[in-house]
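Undergrad: Quick one: the structure is below, questions incoming.
Read-outs throughout are calculated quantities, based only on the coordinates presented, and are distinct from any laboratory measurement. Owing to the predicted nature of the structure, the values given are computational and were not obtained by experimental measurement. Positions of Cβ are backbone-derived with ideal geometry, glycine not excepted, and every protein chain shown enters the neighbour counts.
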Amino acid sequence: MICGAEHNLVVDARVRAAFVAALERQGAAVLTPDEARRFTPQAFDLRRNALRSQLVGQDAQTIAQHTGIRRPYSIRLLVVETDSPDSANPYAGEKMATDAVDVHGCE
């Protein structure tokens, strides 16, 4: 996503399940914690906290294929739940990809 784009969702825990289901109906792959642990080092250069160069500008389906994320539908958006918007979090910055979102849960 470009630097001016919104790429964070804050979701109240009371509506999380319904929200995730709605995202998935629209083609989002909401990664499980295990998928996120595998995805992050494959998608990001963690020394630079930046998307890997070969993934820059790629769509969600291409990034998913590259990182082993599979769904029974075409992936239009990748969503990774995080608990910190801190700048050390690779998901807190610019992604330079077409469809990537991180979700910050709240109680």
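Undergrad: Along region 65-79, what does the Karplus equation 6.51 cos²θ - 1.76 cosθ + 1.60 (θ = phi - 60°) give for ³J(HN,Hα), rounded to whole Hz, x for Gly and Pro?
TA: Ordered by residue, 3J(HN,Hα) equals 4, 4, 9, x, 8, 10, 9, x, 9, 5, 7, 9, 8, 10, 10 Hz.
Undergrad: Show the residues, 5+ positions off or on another chain, whose built amide H is closer than 5 Å to the amide H of F44.
TA: For F44, the qualifying residues are R52.
Undergrad: Using each residue's phi in region 36-48, evaluate 6.51 cos²θ - 1.76 cosθ + 1.60 at θ = phi - 60° and report the 3J(HN,Hα) Karplus result to the nearest Hz, with x for Gly and Pro.
TA: 5, 4, 7, 5, 4, x, 7, 8, 10, 7, 6, 6, 9
Undergrad: Please list, in chain and number order, the residues 5+ apart from T82 or on another chain whose amide H is under 5 Å from its amide H, with Hs placed from the backbone.
TA: V103, H104, G105
Undergrad: Follow-up. Return the percentage of antiparallel bridges among DSSP beta bridges fully within region 8-106, rounded to the nearest 5 %.
TA: For region 8-106, the DSSP antiparallel bridge percentage is about 15.
Undergrad: OK, next. When you count, for each residue, the other Cβ atoms within 10 Å and take the mean per peptide, how do 59-66, 84-91, 10-17 rank with the highest first?
TA: Those peptides, ordered most packed to least, come out 59-66, 84-91, 10-17.
Undergrad: Let me spell out the model: positive unit charges on the Cβ of Lys and Arg, negative unit charges on the Cβ of Asp and Glu, origin at the Cα centre of region 8-106. What dipole size does that give, in debye rounded to 20?
TA: 240 debye
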